[in-house]
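Below is one structure, written out as structure tokens; the observations come after it.
The values are calculated or read from the model by the stated rules, or taken from the named source; none is laboratory data. Owing to the predicted nature of the structure, the values given are computational and were not obtained by experimental measurement. Reconstructed Cβ throughout: ideal geometry from the backbone, glycine too, with neighbour counts over all protein chains shown.
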Amino acid sequence: MDTTPRPLIATADAALAEELARLAAAAGAPVGVVSSADAVLAAWALAPVVLLGADLAPALVALAPSRRPGVLLVGWAPAPGGAFRDALLVGAESVVELPAGGEQVAELLTDLGEVGRPEGAVLAVVGGSGGAGATTFACALGQVAALAGPALVVDLDPIGPGCDVVLALEDAPGVRWDSLGTASGRLSGRSLREAVPRRDGTGVLGWPPLPCALDPGAVREALSAARRGHDTVVVDLPRHGDLVHETVARATLTCVVVAPTPSGVASAARWVAALPDRSRVGLLVHGRCPDPARVAATVDAPVLAVMPPQRGLAESVDLGLGPVRSRRGPLARAARSVLATAAPRAVAA
Ligand SMILES: Nc1ncnc2c1ncn2[C@@H]1O[C@H](COP(=O)(O)OP(=O)(O)O)[C@@H](O)[C@H]1O
Ligand SMILES: [Mg+2]
């Protein structure tokens, strides 16, 4: 007998139970159904998710269950006024009104396999100056991190070469920013992971052929789902724009790719100086650099690695292999150093 705890549908409203069971079936999640507050309490601690019907919520509140994550209070729209108070009292994450909120329920159920998975690290990569090699390095990080676990490269630069192009995934089918632009509700980590173009563990969330506008809410939602569904999320960050500081604030580490020329170092220093918080910023010096300590002092951030240029890069990209062709090349080495700082789990043995 399968004794794996199942998500719990808790309602005495037959139509609500039927609708929730339909959503669970669509998400491929077997569920248990109970119709009394006592039965909810009995299953409360073990069920990975509880979909608590608004009809049973007052009776459950009276039983004062302990707090637990993964509870949604679900009812037909419009939710009764007391539903929000009940949701607070049982510690529900939100009140979902059906049928409109069905997607949120489905996404939560789809993400069940991800429960217990730690959130992935987010590495933002930005060029200290134009053409420093940021996009190339972001893609290299995605390739190297994928050797240890699922990785996603998120392309936030609408006028870069396209991470999908660098990774030879531009013709691969899958979700791009134009289809996520209107995402509402909670996007599941698994859905995003399975929807983006991907090869060998490296996925890419990139642009459609004609760049579209990005809604900051959709970007936030996508980054959050990306973390839930991947061990490592790499963001190719433009140097300017609304999303830059917010993304840096959310990142585990921001890696600034610096050209070790006077102008390259000066531009990187100005970019870093404009950040509200510089505590999780490190530098990747791209090019021969006799004095990395001086670069660190000028930019006021630690040098994580010095990376010589990689020979044969254009050929490797043209062949559809992405920037990392060999695990011993400069890009792979530098990627391992940076991952070791920000995402030790993502460095394959
Ligand atoms: N590690 C590297 N070794 C050699 N050439 C590189 C390297 N990284 C980038 N380049 C080259 O530099 C140019 C700009 O790279 P790109 O990654 O698009 O920079 P950015 O995103 O900072 O503007 C490209 O022509 C690319 O092939
Ligand atoms: Mg770029």
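On inspection, residue 149 fails the criterion of being farther than 16 Å from residue 281 by Cα, outside any helix (DSSP H, G or I) and within 8 Å of ligand 1 (Cβ to nearest atom).
Checked against (1) touching a Gly at 6+ places or on another chain (Cβ under 8 Å); (2) hydroxyl-bearing (Ser, Thr, Tyr); (3) in contact (Cβ under 8 Å) with a residue 24 or more places away in the chain, residue 298 passes all but a single condition, namely (1). The set of residues in region 121-146 being under 18 Å from residue 317 (Cβ atoms), within 19 Å of the chain's Cα centre (by Cα), within 14 Å of ligand 1 (Cβ to nearest atom) and of a type in the set (A, V, I, L, M) consists of 125, 138, 140, 141, 144. Give the number of residues within region 133-169 that are within 13 Å of ligand 2 (Cβ to nearest atom), among the small types (Gly, Ala, Ser) and surrounded by fewer than 24 Cβ atoms within 10 Å (Cβ to Cβ). Residues meeting the conditions: 2.
Considering only residues in region 316-325 that are away from ligand 2 (no atom under 16 Å from the Cβ) and more than 18 Å from residue 306 (Cα to Cα), the one that is surrounded by the most Cβ atoms within 10 Å (Cβ to Cβ) turns out to be 316. Applying a threshold of 7 Å to beta carbon distances and a minimum spacing of six or more residues, or different chains, the list of pairs starting in region 278-294 at a residue that is more than 16 Å from residue 309 (Cα to Cα) and ending at one that is within 16 Å of ligand 2 (Cβ to nearest atom) reads 280/254; 281/254; 281/256; 282/255.
Residue 45 meets the stated requirement of being in a loop (DSSP other than H, G, I, E, B), free of Cβ contacts under 8 Å to residues at least 60 places away in the same chain and hydrophobic (A, V, I, L, M, F, W, C). There is at least one residue in region 218-235 that is within 16 Å of ligand 1 (Cβ to nearest atom), assigned by TED's automatic domain parsing to the domain that holds residue 139 and outside any helix (DSSP H, G or I). Quick one: would you say residue 90 is of a type in the set (Val, Ile, Thr), out of contact with any Ser or Thr (no Cβ under 7 Å at 6 or more places or on another chain) and within 27 Å of residue 191 (Cα to Cα)? In short, no. Of all the criteria given as (1) under 22 Å from residue 330 (Cα atoms); (2) crowded, with 17+ Cβ neighbours inside 10 Å, the one not satisfied by residue 98 is (1). The residue list 303, 248, 281, 265 contains one member that is at pLDDT 95 or above, more than 28 Å from residue 146 (Cα to Cα) and either among the aromatic types (Phe, Trp, Tyr) or more than 13 Å from ligand 1 (Cβ to nearest atom) (or both), which is 265. Based on this model, can you work out whether residue 37 counts as closer than 24 Å to residue 110 by Cβ and assigned by TED's automatic domain parsing to the domain that holds residue 106? Answer is no for this residue.
Taking the stated definitions as given, is residue 331 farther than 17 Å from residue 153 by Cβ, touching a strand residue (DSSP E or B) at 6+ places or on another chain (Cβ under 8 Å), modelled with pLDDT of 95 or more and among the aliphatic types (A, V, I, L, M)?
Here the answer is no, as residue 331 does not meet what is asked.
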